[in-house]
Amino acid sequence: MMRIHSNRKSQSNRRGIAVLWLIIWGSFFLTFFCVVLEIATLWAAQVEVNNAMDAAALAAVKDWGERITLPMPDDSTEFPRDVGVAYATANPIQGTPAVFTTNYDVGNPSNENLSCDGNLVFGGLITPPPYEFDAGADALNPAVLPAVRAQVTVPVQGFCATLFGFTVLNVSASSTAYYDTGTGQPVLVHVTTFTCP
């Protein structure tokens with residue numbers, strides 16, 4: 001009579017294959033989870049940056065527009081820039097206020113903009129649509145609507161970035177608002193052309 005022996009070697013091979021499949025599928029699911037989490041983090045940061053730029057543009061142009069429409073117009077942009085910066089920093093991105101500057105140059109006749117790449121660019125909106133933002137337009141000209149463009153690029157540290165050795169990712173946004181002199185209210189607008197002298 002023949003004795004049946006269990007083959008211990010084939011059982012240990014099966015355990016090895018199971019561990020291999022666990023490692024492969026586990027790393028796949030971890031990578032998938034991290035990618036989804038990174039996309040969600042970037043999406044949330046983009047929404048927060050857009051909200052901060054909307055708030056900064058609306059607040060700055062409202063303050064500037066009210067100063068321009070006074071009986072003794074004041075087209076200085078110093079204080080409206082401070083208002084825009086205050087609103088931008090009051091809206092944190094991923095819990096941290098964005099680094100946001102005034103872009104103010106008192107000696108520049110072009111609406112006192114230090115550069116066209118600054119966080120706040122003051123200018124005028126050329127109407128009718130399609131709208132053109134001109135950073136050199138005179139806001140006291142009745143044919144031009146006072147407008148402000150708020151723009152920023154913010155570094156965002158993702159949750160899984162440190163696990164995989166990523167550097168931070170950047171999120172950018174810009175918003176343009178003009179002051180409606182008829183209603184006395186700021187309005188967000190989509191600008192098709194951005195001109196800077």
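Just so you know, all these numbers are worked out from the coordinates, no wet-lab data involved. As the structure is a prediction and not an experimental result, all values here were calculated from the model. Note that each Cβ is placed from the backbone with ideal geometry, even for glycine, and that neighbours are counted across all protein chains shown.
Just a few scattered comments:
- With the simple spin-label model, which puts each label point 7 Å out from Cα in the Cβ direction, the Asp105 to Trp25 separation comes to 6.2 nm.
- Length added when fully stretched, Asp180-Phe194, from 0.36 nm per residue minus Cα-Cα: 3.1 nm
- Couplings 3J(HN,Hα) for segment 39-49, derived from phi with the Karplus relation 6.51 cos²θ - 1.76 cosθ + 1.60 (θ = phi - 60°), are 5, 5, 5, 5, 5, 5, 5, 4, 4, 5, 5 Hz, where x marks Gly and Pro.
- Note on Thr153 and Thr69: the model spin-label points, each 7 Å out from Cα along the C-beta direction, lie 3.6 nm apart.
- The packing ranking, built from the mean of other Cβ atoms within 10 Å per residue, places the peptides 171-183, 114-126 in the order 114-126, 171-183, highest first.
- Helix-derived mean residue ellipticity, 222 nm - over the chain, DSSP H n ≥ 4, -39500 (n - 2.57), to 500: -14000 deg cm²/dmol
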